[in-house]
Every structure is written in C-alpha cells, then in structure tokens.
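Below is one structure, written out as structure tokens, with a few remarks after it.
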Amino acid sequence: MEKVASTNDLNKLKNNHIICQQENIQITNSIISFFGTNNFLVVEKDANIINSRISFKGNNSIIFIKKTKNNQINMIIDIYNDSFFFMDKGWIA
C-alpha cells in the first residue's frame with residue numbers, strides 16, 4: 001500500500017501516480033491511499049484537497065479533479081478496478 005498525506009509524499013509513490021503542479025495544490029487533513037497499482041490521480045492547478053479520503057482499492061483507475069469554485073475539495077472516494085472518476089468545477093447559482 002502507498003499513502004499520501006501531504007505534498008511532501010508525492011515523490012514517494014512507486015507503483016501509482018499523482019499528476020499535478022505540486023507548488024500549486026494543497027493536501028490538508030487528507031489521506032490518499034493506493035491499495036493497487038497503475039492508478040492515476042490528476043489534480044488541476046490551484047485545487048486544494050481538504051478533509052478528504054481518496055482510496056484506490058484496485059488497479060488501473062483514474063481520478064481527475066478540477067479545481068472548484070472556491071478551490072477547496074472535500075470528499076470521500078473509493079474507486080476499484082479499471083474505473084474513471086471525473087470531478088468538474090461545478091456551479092452554484
């Protein structure tokens with residue numbers, strides 16, 4: 001298992017990948033866990049992952065997170081084998 005709890009952990013991944021502009025995102029009070037291999041988390045510039053739990057519980061999956069209206073993402077995601085999850089900016093009137 002591989003785990004990321006801060007941007008300092010991003011370079012420690014060996015069997016999974018987080019693609020982002022490291023200096024422009026924050027991971028605060030959050031855990032990103034990889035129980036499988038060949039998974040990708042793509043985080044758009046200026047997105048802040050706060051109070052979240054993201055778990056890759058299989059292999060070959062992708063999560064793509066765009067920044068939100070207030071640039072703060074708070075979520076719980078469990079994703080399994082060969083899956084794709086996309087979170088867009090959203091819009092509130």
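Side notes on the structure shown:
- Test: Q72 is in contact with a strand residue (DSSP E or B) (Cβ under 9 Å, 6 or more places away or on another chain), polar (S, T, N, Q) and loosely packed, with under 13 Cβ neighbours inside 10 Å: no
- Residues that are over 13 Å from the mean Cα position of the chain (by Cα) and under 20 Å from S61 (Cα atoms) were ranked within segment 14-43; the one that is least open to solvent (accessible area, probe 1.4 Å) is G36.
- Some residue of segment 66-73 being touching a His at 6+ places or on another chain (Cβ under 9 Å) and in a strand (DSSP E or B): no
- Candidates D78, D88: the one that is of a type in the set (D, E) and at pLDDT 90 or above is D78.
- With respect to the conditions (1) touching a residue at least 40 places away in the same chain (Cβ under 8 Å); (2) part of a strand (DSSP E or B), V42 lacks only one, and its number is (1).
- Any hit, segment 70-85, residues being among the charged types (D, E, K, R) and under 10 Å from the mean Cα position of the chain (by Cα): no
- Residue match in segment 74-82 (condition: of a type in the set (D, E, K, R) and either more than 18 Å from V4 (Cβ to Cβ) or free of Cβ contacts under 8 Å to residues at least 12 places away in the same chain (or both)): yes
- Qualifying residue in segment 79-87 (condition: of a type in the set (D, E) and surrounded by 13 or more Cβ atoms within 10 Å (Cβ to Cβ)): no
The values are calculated or read from the model by the stated rules, or taken from the named source; none is laboratory data. As the structure is a prediction and not an experimental result, all values here were calculated from the model. A quick note on method: Cβ atoms are made from the backbone with ideal geometry, for glycine too, and the neighbour counts reach across all protein chains shown. Just so you know, the surface numbers come from the protein's heavy atoms only, side chains and all, with ligands and any DNA or RNA stripped out. Shrake-Rupley method; radii C 1.70, N 1.55, O 1.52, S 1.80 Å.
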